[in-house]
1. Can you compute 3J(HN,Hα) from phi for each residue in the range 229-243, using the Karplus curve 6.51 cos²θ - 1.76 cosθ + 1.60 with θ = phi - 60°, rounded to whole Hz and x for Gly and Pro?
2. Please report, in debye to the nearest 20, how large the charge dipole of the range 250-325 is about its Cα centre when each Lys and Arg carries +1 at its beta carbon and each Asp and Glu carries -1 there.
3. Looking at the range 251-325, which GluC sites (Glu not before Pro) are in a loop (DSSP not H, G, I, E or B) and have at most 13 other Cβ atoms within 10 Å?
4. Pull out the extension gain between residue 263 and residue 207, defined as 0.36 nm times the separation in residues minus the alpha carbon to alpha carbon distance; nm, one decimal.
5. On full extension of the chain, what length is gained from residue 86 through residue 53, given 0.36 nm per residue of separation minus the C-alpha to C-alpha distance?
6. Report the calculated FRET efficiency for residue 22 and residue 185 (r = Cβ-Cβ distance, R0 = 45 Å), to the nearest 0.05.
7. Report the gain in length on full extension from residue 299 to residue 317: 0.36 nm times residue separation, minus Cα-Cα distance, nm rounded to one decimal.
8. Check residue 272: other-chain or 5+ apart residues with amide H under 5 Å from its amide H, H built from backbone geometry?
Amino acid sequence: MKLLVTGGAGYIGSVVARQLLDAGHEVTVLDSLDRGHRAAVPEGAEFVQAELLDAPAVDAALAGGFDGVLHFAALALVAESVANPERYWRGNVVASLNLLDAMRTHGVKRLVFSSTCAVYGEPAEVPIHEEVPTAPVNAYGQSKLAVDRMIADECRAHGLGAVSLRYFNVAGASGACGEHHEPETHLIPLVLQAAMGTREQVSIFGTDYPTPDGTAIRDYIHIEDLGRAHALALDGAREGEHRIFNLGNGTGFSVREVIETAREVTGREIRAVEEARRPGDPPQLVAASQRIRDELGWTPEKPDLATIVGDAWAWHQAHPHGYAS
Ligand code: UDP
(Lines give C-alpha, C1' and ligand atoms only; values in the text may rest on other atoms or scores of the structure.)
Protein backbone atom coordinates (compact mmCIF):
# COMPACT_ATOMS: atom_id res chain seq x y z
CA MET A 1 0.00 0.00 0.00
CA LYS A 2 0.98 3.64 -0.43
CA LEU A 3 0.98 5.05 3.11
CA LEU A 4 1.44 8.43 4.76
CA VAL A 5 2.95 8.44 8.26
CA THR A 6 2.52 11.73 10.10
CA GLY A 7 5.04 12.15 12.91
CA GLY A 8 7.33 9.59 11.28
CA ALA A 9 10.41 11.39 12.65
CA GLY A 10 9.24 10.74 16.20
CA TYR A 11 9.86 7.79 18.50
CA ILE A 12 6.81 5.66 17.65
CA GLY A 13 6.19 6.91 14.10
CA SER A 14 9.75 6.16 12.99
CA VAL A 15 9.61 2.58 14.26
CA VAL A 16 6.25 1.95 12.57
CA ALA A 17 7.48 3.57 9.33
CA ARG A 18 10.46 1.14 9.38
CA GLN A 19 8.17 -1.84 10.00
CA LEU A 20 5.86 -0.80 7.14
CA LEU A 21 8.81 -0.40 4.75
CA ASP A 22 10.10 -3.83 5.77
CA ALA A 23 6.63 -5.26 5.01
CA GLY A 24 6.91 -3.88 1.47
CA HIS A 25 4.74 -0.78 1.72
CA GLU A 26 5.58 2.54 0.08
CA VAL A 27 5.97 5.11 2.89
CA THR A 28 5.94 8.90 2.98
CA VAL A 29 6.78 10.54 6.29
CA LEU A 30 5.26 13.93 7.05
CA ASP A 31 6.81 15.67 10.05
CA SER A 32 7.39 19.26 11.14
CA LEU A 33 10.68 18.27 12.87
CA ASP A 34 9.49 20.49 15.69
CA ARG A 35 9.96 17.56 18.11
CA GLY A 36 11.02 14.80 15.72
CA HIS A 37 14.50 14.06 14.40
CA ARG A 38 15.40 13.95 10.69
CA ALA A 39 17.87 11.15 11.50
CA ALA A 40 15.02 9.01 12.83
CA VAL A 41 13.19 8.92 9.46
CA PRO A 42 13.99 5.48 8.06
CA GLU A 43 15.93 5.10 4.87
CA GLY A 44 13.62 4.28 1.99
CA ALA A 45 10.83 6.61 3.14
CA GLU A 46 9.98 9.79 1.25
CA PHE A 47 10.17 12.79 3.56
CA VAL A 48 7.95 15.89 3.57
CA GLN A 49 8.63 18.59 6.15
CA ALA A 50 5.32 20.28 6.95
CA GLU A 51 3.21 21.40 9.90
CA LEU A 52 -0.27 19.89 10.15
CA LEU A 53 -1.48 23.34 11.17
CA ASP A 54 -0.50 24.54 7.68
CA ALA A 55 -3.67 23.33 5.88
CA PRO A 56 -2.51 24.13 2.31
CA ALA A 57 0.75 22.25 2.91
CA VAL A 58 -1.16 19.24 4.26
CA ASP A 59 -3.50 19.33 1.28
CA ALA A 60 -0.52 19.44 -1.08
CA ALA A 61 1.15 16.52 0.71
CA LEU A 62 -1.98 14.37 0.33
CA ALA A 63 -2.57 15.33 -3.30
CA GLY A 64 -0.48 12.41 -4.58
CA GLY A 65 -3.13 10.03 -3.24
CA PHE A 66 -2.62 7.43 -0.50
CA ASP A 67 -4.24 4.13 0.43
CA GLY A 68 -3.96 4.96 4.11
CA VAL A 69 -2.71 7.37 6.75
CA LEU A 70 -1.10 6.53 10.09
CA HIS A 71 -1.41 9.60 12.26
CA PHE A 72 1.24 9.85 15.00
CA ALA A 73 2.09 13.57 14.89
CA ALA A 74 0.94 15.12 18.17
CA LEU A 75 1.89 16.93 21.31
CA ALA A 76 2.07 14.32 24.05
CA LEU A 77 3.27 15.72 27.37
CA VAL A 78 0.72 15.70 30.16
CA ALA A 79 2.38 18.43 32.26
CA GLU A 80 2.80 20.74 29.27
CA SER A 81 -0.86 20.22 28.39
CA VAL A 82 -1.91 21.21 31.90
CA ALA A 83 0.17 24.40 31.71
CA ASN A 84 -0.70 25.32 28.09
CA PRO A 85 -3.98 23.62 27.12
CA GLU A 86 -4.54 25.90 24.11
CA ARG A 87 -1.36 24.52 22.54
CA TYR A 88 -2.86 21.03 22.77
CA TRP A 89 -6.29 21.94 21.39
CA ARG A 90 -4.64 23.59 18.41
CA GLY A 91 -1.71 21.21 17.93
CA ASN A 92 -3.73 18.02 18.31
CA VAL A 93 -7.33 18.85 17.42
CA VAL A 94 -7.06 21.58 14.76
CA ALA A 95 -4.07 19.81 13.20
CA SER A 96 -6.00 16.52 12.99
CA LEU A 97 -9.00 18.30 11.48
CA ASN A 98 -6.74 19.64 8.73
CA LEU A 99 -5.53 16.11 8.10
CA LEU A 100 -9.08 14.70 7.93
CA ASP A 101 -10.08 17.49 5.53
CA ALA A 102 -7.18 16.68 3.20
CA MET A 103 -7.90 12.93 3.43
CA ARG A 104 -11.54 13.53 2.45
CA THR A 105 -10.56 15.85 -0.39
CA HIS A 106 -8.13 13.31 -1.81
CA GLY A 107 -10.18 10.16 -1.18
CA VAL A 108 -8.01 8.46 1.45
CA LYS A 109 -10.14 5.69 2.92
CA ARG A 110 -8.13 4.27 5.86
CA LEU A 111 -6.77 5.84 9.02
CA VAL A 112 -4.90 4.51 12.04
CA PHE A 113 -4.80 7.03 14.87
CA SER A 114 -2.51 7.15 17.92
CA SER A 115 -4.96 7.57 20.75
CA THR A 116 -4.10 7.14 24.41
CA CYS A 117 -5.17 5.61 27.70
CA ALA A 118 -5.21 9.22 28.98
CA VAL A 119 -8.76 9.44 27.57
CA TYR A 120 -9.91 7.25 30.49
CA GLY A 121 -8.63 9.66 33.14
CA GLU A 122 -8.49 8.01 36.55
CA PRO A 123 -10.65 4.90 36.17
CA ALA A 124 -11.83 3.31 39.39
CA GLU A 125 -10.79 -0.17 38.25
CA VAL A 126 -7.95 -1.75 36.35
CA PRO A 127 -7.45 -3.39 33.91
CA ILE A 128 -9.07 -0.79 31.68
CA HIS A 129 -11.25 -2.13 28.88
CA GLU A 130 -12.66 -0.14 25.97
CA GLU A 131 -16.12 0.30 27.48
CA VAL A 132 -14.80 2.18 30.52
CA PRO A 133 -16.31 5.69 30.31
CA THR A 134 -13.91 8.27 28.94
CA ALA A 135 -13.13 11.04 31.45
CA PRO A 136 -9.78 12.66 30.72
CA VAL A 137 -8.17 14.62 33.55
CA ASN A 138 -5.76 16.72 31.50
CA ALA A 139 -5.77 18.66 28.22
CA TYR A 140 -3.62 16.04 26.52
CA GLY A 141 -6.28 13.37 27.12
CA GLN A 142 -9.08 15.82 26.27
CA SER A 143 -7.50 16.71 22.95
CA LYS A 144 -6.91 13.07 21.98
CA LEU A 145 -10.50 12.18 22.91
CA ALA A 146 -11.77 15.08 20.82
CA VAL A 147 -9.86 13.70 17.83
CA ASP A 148 -11.31 10.22 18.45
CA ARG A 149 -14.80 11.74 18.37
CA MET A 150 -14.04 13.73 15.24
CA ILE A 151 -12.84 10.54 13.55
CA ALA A 152 -16.01 8.69 14.57
CA ASP A 153 -18.12 11.43 12.95
CA GLU A 154 -15.99 11.34 9.81
CA CYS A 155 -16.49 7.57 9.55
CA ARG A 156 -20.28 7.88 9.96
CA ALA A 157 -20.69 10.79 7.57
CA HIS A 158 -18.14 10.05 4.86
CA GLY A 159 -17.32 6.34 5.02
CA LEU A 160 -13.79 6.57 6.38
CA GLY A 161 -12.50 3.31 7.88
CA ALA A 162 -10.56 4.16 11.03
CA VAL A 163 -8.88 2.44 13.93
CA SER A 164 -7.82 4.23 17.12
CA LEU A 165 -5.15 2.49 19.15
CA ARG A 166 -5.19 3.66 22.75
CA TYR A 167 -1.59 3.31 23.82
CA PHE A 168 -0.48 2.63 27.35
CA ASN A 169 3.21 3.35 28.20
CA VAL A 170 5.44 2.60 25.25
CA ALA A 171 9.12 2.02 25.92
CA GLY A 172 12.18 0.15 24.63
CA ALA A 173 13.99 0.58 21.32
CA SER A 174 14.09 -1.03 17.90
CA GLY A 175 17.39 -1.27 16.05
CA ALA A 176 18.62 2.25 15.33
CA CYS A 177 15.38 3.84 16.60
CA GLY A 178 15.02 4.82 20.23
CA GLU A 179 13.44 7.32 22.55
CA HIS A 180 14.86 10.85 22.55
CA HIS A 181 12.67 13.74 23.63
CA GLU A 182 13.77 17.30 24.39
CA PRO A 183 13.12 17.76 27.22
CA GLU A 184 12.88 14.14 28.33
CA THR A 185 10.00 13.53 30.75
CA HIS A 186 9.47 9.76 30.43
CA LEU A 187 10.43 7.46 33.24
CA ILE A 188 12.46 4.74 31.49
CA PRO A 189 14.80 7.05 29.49
CA LEU A 190 15.32 9.22 32.58
CA VAL A 191 16.17 6.18 34.70
CA LEU A 192 18.64 5.00 32.06
CA GLN A 193 20.25 8.43 31.83
CA ALA A 194 20.76 8.23 35.58
CA ALA A 195 22.31 4.77 35.09
CA MET A 196 24.64 6.15 32.40
CA GLY A 197 25.66 9.08 34.54
CA THR A 198 24.40 11.73 32.11
CA ARG A 199 21.84 12.58 34.81
CA GLU A 200 22.62 12.68 38.51
CA GLN A 201 19.40 11.09 39.74
CA VAL A 202 15.83 10.24 38.90
CA SER A 203 12.76 11.56 40.69
CA ILE A 204 9.99 9.33 41.98
CA PHE A 205 6.88 11.46 41.51
CA GLY A 206 4.50 10.52 44.33
CA THR A 207 5.00 7.90 47.05
CA ASP A 208 1.51 8.28 48.55
CA TYR A 209 -0.56 6.65 45.82
CA PRO A 210 -3.04 3.94 46.86
CA THR A 211 -0.80 1.21 45.41
CA PRO A 212 1.19 -1.56 47.15
CA ASP A 213 4.47 0.43 47.28
CA GLY A 214 2.91 3.91 47.13
CA THR A 215 4.21 4.73 43.63
CA ALA A 216 2.19 4.95 40.42
CA ILE A 217 1.58 1.88 38.29
CA ARG A 218 1.79 1.81 34.50
CA ASP A 219 1.54 -0.84 31.75
CA TYR A 220 4.82 -0.66 29.79
CA ILE A 221 4.69 -2.06 26.25
CA HIS A 222 7.68 -2.68 23.95
CA ILE A 223 7.85 -0.29 21.00
CA GLU A 224 8.14 -3.21 18.55
CA ASP A 225 5.01 -4.90 19.92
CA LEU A 226 3.13 -1.62 19.86
CA GLY A 227 4.38 -0.97 16.32
CA ARG A 228 3.19 -4.33 14.99
CA ALA A 229 -0.36 -3.51 16.02
CA HIS A 230 -0.46 -0.74 13.40
CA ALA A 231 -0.19 -3.01 10.35
CA LEU A 232 -2.93 -5.20 11.86
CA ALA A 233 -5.05 -2.10 12.47
CA LEU A 234 -4.58 -0.93 8.90
CA ASP A 235 -5.83 -4.30 7.63
CA GLY A 236 -8.65 -4.21 10.18
CA ALA A 237 -10.03 -0.82 9.10
CA ARG A 238 -13.59 -1.19 7.78
CA GLU A 239 -15.38 1.36 5.66
CA GLY A 240 -17.71 3.58 7.70
CA GLU A 241 -16.51 2.18 11.06
CA HIS A 242 -14.40 3.60 13.85
CA ARG A 243 -12.84 0.73 15.80
CA ILE A 244 -11.14 1.35 19.14
CA PHE A 245 -8.55 -0.90 20.80
CA ASN A 246 -6.56 -0.54 24.00
CA LEU A 247 -2.94 -1.40 23.45
CA GLY A 248 -0.88 -2.56 26.42
CA ASN A 249 0.40 -5.86 27.82
CA GLY A 250 -2.08 -6.06 30.67
CA THR A 251 0.53 -6.04 33.43
CA GLY A 252 1.33 -3.08 35.67
CA PHE A 253 4.66 -2.07 37.21
CA SER A 254 5.23 0.61 39.81
CA VAL A 255 7.81 3.39 39.47
CA ARG A 256 9.92 1.65 42.14
CA GLU A 257 9.73 -1.66 40.24
CA VAL A 258 10.88 0.04 37.04
CA ILE A 259 13.88 1.57 38.82
CA GLU A 260 14.74 -1.75 40.47
CA THR A 261 14.52 -3.57 37.12
CA ALA A 262 16.81 -0.95 35.57
CA ARG A 263 19.33 -1.48 38.39
CA GLU A 264 19.31 -5.23 37.67
CA VAL A 265 19.50 -4.87 33.87
CA THR A 266 22.25 -2.24 33.84
CA GLY A 267 24.21 -3.37 36.89
CA ARG A 268 24.59 0.32 37.73
CA GLU A 269 23.65 2.34 40.74
CA ILE A 270 20.65 4.56 40.11
CA ARG A 271 20.03 7.31 42.60
CA ALA A 272 16.30 7.90 43.13
CA VAL A 273 14.79 10.74 45.14
CA GLU A 274 11.22 10.86 46.36
CA GLU A 275 9.18 13.89 45.33
CA ALA A 276 5.58 15.08 45.26
CA ARG A 277 3.11 13.72 42.70
CA ARG A 278 3.27 15.23 39.19
CA PRO A 279 -0.03 17.04 38.44
CA GLY A 280 -2.37 15.09 36.19
CA ASP A 281 -0.81 11.64 36.84
CA PRO A 282 -3.38 8.95 37.77
CA PRO A 283 -2.39 6.19 40.26
CA GLN A 284 -2.86 3.16 37.99
CA LEU A 285 -3.17 2.62 34.24
CA VAL A 286 -3.18 -0.99 33.07
CA ALA A 287 -4.76 -2.20 29.82
CA ALA A 288 -7.27 -4.94 29.23
CA SER A 289 -5.93 -6.02 25.84
CA GLN A 290 -8.32 -8.87 25.07
CA ARG A 291 -10.16 -7.01 22.32
CA ILE A 292 -7.09 -6.39 20.16
CA ARG A 293 -5.89 -9.94 20.78
CA ASP A 294 -9.26 -11.42 19.77
CA GLU A 295 -10.24 -9.12 16.92
CA LEU A 296 -6.91 -8.22 15.30
CA GLY A 297 -4.85 -11.24 16.36
CA TRP A 298 -2.23 -9.13 18.16
CA THR A 299 0.07 -10.76 20.72
CA PRO A 300 3.09 -9.18 22.40
CA GLU A 301 6.42 -10.87 21.72
CA LYS A 302 8.40 -8.87 24.30
CA PRO A 303 6.08 -8.37 27.29
CA ASP A 304 8.87 -8.77 29.85
CA LEU A 305 9.85 -5.52 31.60
CA ALA A 306 13.53 -6.55 31.76
CA THR A 307 13.54 -7.01 27.95
CA ILE A 308 11.89 -3.63 27.41
CA VAL A 309 14.37 -1.88 29.70
CA GLY A 310 17.27 -3.93 28.27
CA ASP A 311 16.52 -2.93 24.67
CA ALA A 312 16.21 0.71 25.74
CA TRP A 313 19.52 0.40 27.61
CA ALA A 314 21.31 -0.97 24.53
CA TRP A 315 20.05 1.97 22.48
CA HIS A 316 20.98 4.55 25.11
CA GLN A 317 24.47 3.14 25.40
CA ALA A 318 24.91 3.23 21.62
CA HIS A 319 23.39 6.75 21.44
CA PRO A 320 24.37 8.53 24.66
CA HIS A 321 23.17 11.84 23.23
CA GLY A 322 20.19 10.35 21.39
CA TYR A 323 19.88 11.55 17.81
CA ALA A 324 22.26 14.41 18.56
CA SER A 325 25.20 11.98 18.57
N1 UDP B 1 7.63 9.32 36.68
C2 UDP B 1 8.48 9.48 37.78
N3 UDP B 1 9.63 10.19 37.60
C4 UDP B 1 9.99 10.75 36.40
C5 UDP B 1 9.11 10.57 35.30
C6 UDP B 1 7.93 9.85 35.48
O7 UDP B 1 8.20 9.01 38.87
O8 UDP B 1 11.03 11.40 36.33
C9 UDP B 1 6.39 8.54 36.85
C10 UDP B 1 5.12 9.28 36.44
O11 UDP B 1 4.59 9.98 37.54
C12 UDP B 1 4.23 8.11 36.00
C13 UDP B 1 5.21 7.06 35.46
O14 UDP B 1 6.49 7.43 36.00
O15 UDP B 1 3.59 7.54 37.10
C16 UDP B 1 5.31 7.07 33.94
O17 UDP B 1 5.50 8.42 33.52
P18 UDP B 1 5.90 8.76 32.02
O19 UDP B 1 6.15 10.23 31.95
O20 UDP B 1 6.99 7.86 31.55
O21 UDP B 1 4.61 8.36 31.17
P22 UDP B 1 3.07 8.82 31.34
O23 UDP B 1 2.43 7.74 32.17
O24 UDP B 1 3.03 10.18 31.97
O25 UDP B 1 2.58 8.82 29.94
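The values are calculated or read from the model by the stated rules, or taken from the named source; none is laboratory data. What you see is a predicted model, and the numbers here were worked out from it, not measured in a lab. Cβ: placed from backbone, ideal geometry, glycine included. Neighbour counts: every protein chain shown. Areas reflect the complete protein model, heavy atoms only, side chains present, ligands, DNA and RNA absent. Shrake-Rupley method; radii C 1.70, N 1.55, O 1.52, S 1.80 Å.
1. Couplings: 5, 6, 5, 5, 5, 4, 5, x, 5, 10, 3, x, 10, 10, 9 Hz.
2. 140
3. Loop-located and lightly packed - 269, 301.
4. 18.2 nm
5. 10.5 nm
6. After rounding to 0.05, the efficiency reads 0.90.
7. Gain in length upon complete extension: 3.6 nm.
8. 202
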